[in-house]
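Participant: My structure is below; once you've seen it, I'll send some questions.
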Amino acid sequence: MNPDDLKHRYFLQLAYKGTSFYGWQLQPDKPTIQGELTRALSTLLKEEIEVTGAGRTDTGVHARYYIAHFDSVQKGLEKDEKLLYGLNSVLPEDIAVYRIIPVPHTAHARFDALSRTYRYYITTRKDPFLKDTAYLYHVRLDLPLMNRACRILMQYRDFTSFSKVHTDVKTFHCNILDARWTQEDHLYVFTIRADRFLRNMVRAIVGTMMEVGEKKIDLEAFRKIIETKDRSAAGKSVPAHGLFLTEIKYPAHIL
């Protein structure tokens, strides 16, 4: 029998502020979310733990809701309140674990996700409480026009124009389920939900839509940017610190 068949799989629900980390993915000699979780779980459970995340977030990107999974020989960890307390005690203050959830052994935090939702925040005025979590931009944006651009965006599936170049993916196709701009006091908020995202995709879309909102390009030009399938045709990527992963959906039998 494979020793892994004797292990139990768990999902972790967590949140993190990405300012002090070099993204999700483990990197040698650099603080990452995956690295901190791996170290904390291995120490507390006294076994070698590997943590798999729902996806990579880049340096400086935050997550209000994130799912990762790990396997352990120990059963019933979801009932161990001391473990949850211990995790939050040893993890950096910018990472919080909220739940440990038993799942089927085949459940996968990344591959079983049905959709992910991101939000990007732009603040139009200097706010000391938002300096690490919203992009300060003083120019007024035309939100109705940007929402028309959202409707154009949702007509397409190939988003090569908004992907980081030289990225190792088999397809640039994504199914965008929702995209919209809203305003909350002095915040412009872009919300986007899709079955998958390309590297740098949300930040490139936001940067390009801001050019629409400033009327530097019109809607037809925005459409052509998507159709060219060329990253150099699109606008610049906005800074990472305004981006949050806010929701991940899974099949009901998993989560």
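The values are calculated or read from the model by the stated rules, or taken from the named source; none is laboratory data. This is a predicted model, so every value here is computed, not measured. Here the Cβ is made from the backbone with ideal geometry for all residues, glycine too, and neighbour counts use every protein chain on show.
Participant: In a strand (DSSP E or B) and modelled with pLDDT of 95 or more: which single residue out of Thr19, Thr38, Thr52 fits that description?
Facilitator: Working: Thr19 fails: in a strand (DSSP E or B); Thr38 fails: in a strand (DSSP E or B).
Selected residue: Thr52, the only one of Thr19, Thr38, Thr52 that is in a strand (DSSP E or B) and modelled with pLDDT of 95 or more.
Participant: Between a first residue in region 28-39 that is touching a residue at least 40 places away in the same chain (Cβ under 8 Å) and a second residue that is buried (at least 19 other Cβ atoms within 10 Å of the Cβ) and not in a strand (DSSP E or B), which pairs have beta carbons less than 6 Å apart while being 6 or more apart in sequence or on different chains?
Facilitator: Close Cβ pairs (under 6 Å, with a partner that is buried (at least 19 other Cβ atoms within 10 Å of the Cβ) and not in a strand (DSSP E or B)) amount to Pro31/Phe21; Ile33/Phe21; Ile33/Trp24; Glu36/Leu91.
Participant: Can you work out which of the residues in region 222-241 that are part of a helix (DSSP H, G or I) and closer than 20 Å to Ile176 by Cα is modelled with the lowest pLDDT?
Facilitator: Residues of region 222-241 part of a helix (DSSP H, G or I): 222-228, 231-233, 240-241.
Of the ones still in play, those that are also closer than 20 Å to Ile176 by Cα are 222-228, 231.
Details: Phe222: 98, Arg223: 98, Lys224: 98, Ile225: 97, Ile226: 97, Glu227: 97, Thr228: 96, Arg231: 93.
The residue in question is Arg231.
Participant: Continuing with the same structure: Could you go through region 75-88 and let me know if any residue there is closer than 30 Å to Val189 by Cβ and under 19 Å from the mean Cα position of the chain (by Cα). Can you show your working first?
Facilitator: At the first step, the residues of region 75-88 found to be closer than 30 Å to Val189 by Cβ are 88.
The next check asks that each one be under 19 Å from the mean Cα position of the chain (by Cα); those that pass are none.
Within region 75-88 (the criterion being closer than 30 Å to Val189 by Cβ and under 19 Å from the mean Cα position of the chain (by Cα)), the answer is no, since none of the residues qualifies.
Here is a yes/no grid of residues against (1) over 30 Å from Glu78 (Cβ atoms); (2) part of a loop (DSSP other than H, G, I, E, B); (3) at pLDDT 95 or above:
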residue	(1), (2), (3)
Pro102	no, no, yes
Thr117	no, no, yes
Leu130	yes, yes, yes
Arg140	yes, yes, no
Met146	yes, no, yes
Arg151	yes, no, yes
Val169	yes, yes, no
Gln183	yes, no, yes
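This table checks each residue for (1) closer than 23 Å to Tyr137 by Cβ; (2) buried (at least 19 other Cβ atoms within 10 Å of the Cβ); (3) of a type outside the set (A, V, I, L, M, F, W, C).
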| position | (1), (2), (3) |
| --- | --- |
| Lys164 | yes, no, yes |
| Asn175 | no, no, yes |
| Thr208 | yes, yes, yes |
| Glu211 | yes, yes, yes |
| Glu214 | yes, no, yes |
